[in-house]
Amino acid sequence: MADTILEMRGITKTFPGVKALQDVTLQVERGTVHAICGENGAGKSTLMKVLSGVYPAGSFDGQILLEGSPVEFRSINDSEAAGVVIIHQELALSPYLSIAENIYLGNEQSRGGLIDWNRTNLEAGKLLRRVGLKDNPITKIVDIGVGKQQLVEIAKALSKEVKLLILDEPTAALNDDDSAHLLGLISQLREEGITSIIISHKLNEIEAIADKVTIIRDGRTIETLDLKAGEVSEERIIKGMVGRDLESRYPDHEPHIGEELLRIEGWNVFHPIDRSRQVVFDANLVVRAGEIVGIAGLMGAGRTELAMSVFGHSYGSNISGHVYKRGREIKVNTVAQAVENGLAYATEDRKRYGLNLIDDIKRNISGSALGKLATWGVVNGNKETTVANEYRKSMNIKAPTVAAITGKLSGGNQQKVVLSKWMYSDPDVLILDEPTRGIDVGAKYEIYTIINRLADQGKGVIVISSELPELLGICDRIYTLSEGHITADVPRAEATPEHLMQYMTTYRETTEA
Amino acid sequence: MTSTLTPEQRGAAPVPTPPQGNPVGRALRYLRSQLSQTGLFLALIVIVLFFQITTGGVTLQPDNVSNLINQNSYILILAVGMVMVIIAGHIDLSVGSVVAFVGAVAGVMITRMGIPWPVAIVLCLVLGAVVGAWQGFWIAYFGIPAFIVTLAGMLLFRGLAQVVLGGTQISPFPDGFRAIGSGFLPAFGTTGYEPLTMILGALASIAIVITQLRQRSIRRKYDLEDEPLVWFLVKLVFTVGLVLLVTVLLASYNGTPIVLLILGALVVVYTLVMGRTVFGRHIYAIGGNLAAAQLSGVKTKRTTFLLFVNMGVIAALGGLVFTAQLNLASPVNGNGFELDAISAVFIGGAAVTGGIGTVPGAIIGGLIIGILNNGMSILNVGIDVQQVIKGLVLLAAVAFDIYNKRRSGGR
């Protein structure tokens, strides 16, 4: 009886070595807002890429039925022609073109081979009013804020006569006002008969506007809950998102926690380009010697932003707050200062920010502490090789020699090179951002062992991770971060996934000082 | 992404296997993996042999070899600075104009102001540093792309050269100054092979053998050696043979060109700078991955600034040598030299994207250009056709390099 606009049946998508999606089913009714929930990496975005033809038909198994008939999208153009439009997390607008030009990019309103600017701007103006924007269509994209840009994306979708609108984390980059406006618009479009699929981490938003929610975990559909039929609490959704057993994938570790090493007080960070948008709010954080401290937060919560701003102001603008090491205030205005003061930061994106991929293992390892190997500016190559060989052995880096190029190593071994680099700089506090991302299970175990070893040497370790089981498995204490606010400081003994997820999805006014 | 691997799969990451098999097979495999460096060296030899045959033996006549070194010294000097700039991911289009500017200032100082030429040389090198600091400031601290800053510098310093010369040319220069461009070390003996040159050549050969053997033994000690012994010996014999050949040829003519000593010193010093010093290593790190270098605490701005100061000094040195050789300071000196230097660097295997390149590679690239110039002139090839051929050689060298990388990356 229900009018089903979209049905996805038995979708299975495999990447080399990983099953990203396994037998996923999804049914969306016409004229509803359907939310998709899941942890980072659960497979939500992959599913939407399958649906929109980013992964072409044939590169996955399963069937897609649109309005009852099977469809095979070979590209984004195919899916858009059928009325399925996806708006990605990273907006795809050309900054120096006008709003109208962006709306009709690839779909130019032309007559006799020449663009009809009057019609372009007129029609764009109508679309803008539909999404509640009063801006002139000839305004350039750079001159409007992120919130309005998101609305332009929707206007662009409307210009294509969209039936099914997919929004991937639409409010992740927006402030509260813009978010509220966007959600209002999605409800309004529902009144006009447009179906939306919305991927979001923000459970309060889902509760507010979605009719149904499908929960995906580890690449499988777990359940679909009807939000309109009865009371579905956030706790209920969280349980579905995290409900999995903790396997014994973590080495045992007895912590020996000592004096306070690092204290961050009243830390505020603003976005580097959109300088009015605050990314981290008044954060306070303490790490003690021998302690492994986790930072849990969903995508966009400000985890990396917090870490990188502390590490030599390498992210953000208008940074304020204090950093103390062993009770003495230190300056961390440049990376060099941060390193001198005994901080280290191993990035979440080791290929872009962590390694010189065209250089070899030994030179990458010595990269942050070359001064230790040099006298009068001349590097002692023999000593460098000796040091690199020691790390190759102790970290179990699998490569024929330390002269191997890092770009050719596996992800796990690359990560070990990054860790070696920072261990050689002999820091007191290491910040490890997603230390096991893209690494197979075996190498993960080794990384956890290394983290434990660092703590046993009396160093403070901060681990940022999207995987709650990982944090619960290795950390002594976990901070939760939600929308730039530290919402809780939970000792390991009291932490459960449900408990943490709750703090990660709700920002409470009361925690603000 | 949580995968469901069993614990048995722990540590199952692929381990690249060390080379195996018989020594000849290993040598060939190694040769293939090192094709870009080896190919460059082989290309140089093939080009020399080609011209040796087509010119009827003129190319390797003693006087021609001596000329070859003198006439191409400026490309080689500039290429040493340029390769460093390009490794860092930048470019310098201004070096040709800096050559003219420094030459003009040297001319005014020496002939019009009567400053003793050794003092003038020092002042001109300082001037080069100032020029480099000017460009380095805009590039490193202001964040303007090097392409723009040095394009502006190309116009700026060419114009300043004209201003300094006031629309005239300056000539002649004192003999002492001219010697740095076209002079020879004092000759001993009257006939046959000049002994000082022979001694220098022998010393250079011994130095090469000792350092190569020492490096190999160190690499073996640290288990880094993958170069087969056969290939190592072939390369060593070839290099020493080449040095001795040039020595004999020079010794049977006028002896050792002074500019060869300058070049030799530059090559040795800057090979060490790029390979062994913190400064050089930071240049590679910046070119290889700027963001990673920054996040490793490398002072990227200061390094970039100093890099351009260094380039300015080297360009000034090139200007002094060229002016001395020509015995003329003219506003059109050094026209297009930047393109020769850049070509030499890319023929020498540097990557446009930065992070890859070597000083010896740039020198071989410069020699290839020099020998092409020289050989084609002897063959009376017109200047128009010469340009066509040089363009094609540059394109072919870089295409070969990219093809090679793609092939090895695909495996």
Stokes-Einstein D (µm²/s) once Rh is taken as the Kirkwood radius of segment A:356-426 over alpha-carbon pairs, at 4 °C in 1.567 mPa s: 110 µm²/s
A:Ile186 accessible area, 1.4 Å probe, all protein chains in place, Å² to nearest 10: 0 Å²
Cβ-based net charge around B:Ala292, under 12 Å, with every Lys or Arg adding one and every Asp or Glu removing one: +3
Convex hull volume of the protein assembly as shown per residue (C-alpha atoms, cubic angstrom): 214 Å³
Solvent-accessible area, 1.4 Å probe, carbon plus sulfur percent, for the protein assembly as shown: 58 percent
Cα pair distances exceeding 18 angstrom across segment B:181-265, given as percent: 51 percent
Peptide A:351-359 - average C-beta neighbours from other chains (10 Å radius): 6
Placed amide H near A:Ala35: partners under 5 Å, 5+ positions off or other chain: A:Ile198, A:Asp211, A:Lys212, A:Val213, A:Thr214
Net +/- balance of residues flanking A:Lys459 in space, Cβ distance below 12 Å, scoring K and R +1, D and E -1: -2
Shielding by partners - mean other protein chain Cβ count within 10 Å, residues of B:275-282: 5
Cα-Cα pairs of segment A:95-160 separated by more than 19 Å (percent): 21 percent
Relative contact order of segment A:356-426, pairs being alpha-carbon contacts under 8 Å that are 6 or more residues apart, as %: 48 percent
Solvent exposure ordering (accessible area, 1.4 Å, most first) of B:Asp401, A:Asp177: A:Asp177, B:Asp401
Per principal axis, descending, Cα span of chain B in whole Å: 83, 57, 41
Average partner coverage of A:379-390, which counts Cβ from other chains inside 10 Å: 3
Residue with peak Gaussian network fluctuation, chain B [Cα springs, cutoff 10 Å], from B:Val131, B:Val345, B:Val388: B:Val388
Segments B:156-169, B:60-73, A:340-353 sorted - mean Cβ within 10 Å per residue, highest first: A:340-353, B:60-73, B:156-169
Too-long pairs where the Cα-Cα distance tops 23 Å, listed order kept, from A:Lys408/A:Lys459; A:Lys351/A:Lys444; A:Lys44/A:Lys239: A:Lys408/A:Lys459
Highest average packing first - A:296-302, A:7-13, Cβ atoms within 10 Å: A:296-302, A:7-13
Quotient of Cα Rg and 2.2 N^0.38 Å for segment A:277-372, N being how many residues it contains: 1.18
All aspartates and glutamates inside 19 Å of A:Lys398 as judged from Cα atoms, apart from same-chain residues fewer than 8 positions distant: A:Asp359, A:Asp360, A:Glu384, A:Glu390, A:Asp440, A:Glu446, B:Glu8, B:Asp223, B:Glu225, B:Asp226
Cα long-axis angle, helix B:62-87 against chain B (0 to 90 degrees, to the nearest 10): 60 degrees
Using alpha-carbon coordinates, inclination of helix B:383-410 to the longest axis of chain B, degrees: 20 degrees
Dipole in debye (nearest 20) - segment A:95-160, about Cα centre, beta carbon charges: Lys, Arg +1; Asp, Glu -1: 240 debye
Three-way shape label, segment B:56-197, alpha-carbon gyration tensor, a/c 1.5: oblate
From the C-alpha gyration tensor of chain A, square roots of 5λ in Å: 43, 26, 24
For segment A:400-490: Kirkwood Rh in Å [reciprocal of mean 1/r, alpha carbons]: 14.4 Å
Convex hull volume per residue for segment A:155-241, taking Cα atoms only, in Å³: 113 Å³
Cα long-axis angle, helix A:381-394 against chain A (0 to 90 degrees, to the nearest 10): 70 degrees
Residues with amide H under 5 Å from that of A:Ile87, placed H, sequence gap 5 or more: A:Ile166, A:Leu167, A:Asp168
Rg to Rh, two decimals, where segment B:310-404 supplies the alpha carbon set and Rh follows Kirkwood: 1.00
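The values are calculated or read from the model by the stated rules, or taken from the named source; none is laboratory data. Predicted model, so just to flag it, every value in this text is computed and none were measured. For neighbour counting, all protein chains shown are included, and Cβ atoms are generated from backbone atoms with ideal geometry for every residue, glycine included. Ligands, DNA and RNA are stripped out before the accessible areas are found, and what is left, the full protein with its side chains, is counted by its heavy atoms. Shrake-Rupley method; radii C 1.70, N 1.55, O 1.52, S 1.80 Å.
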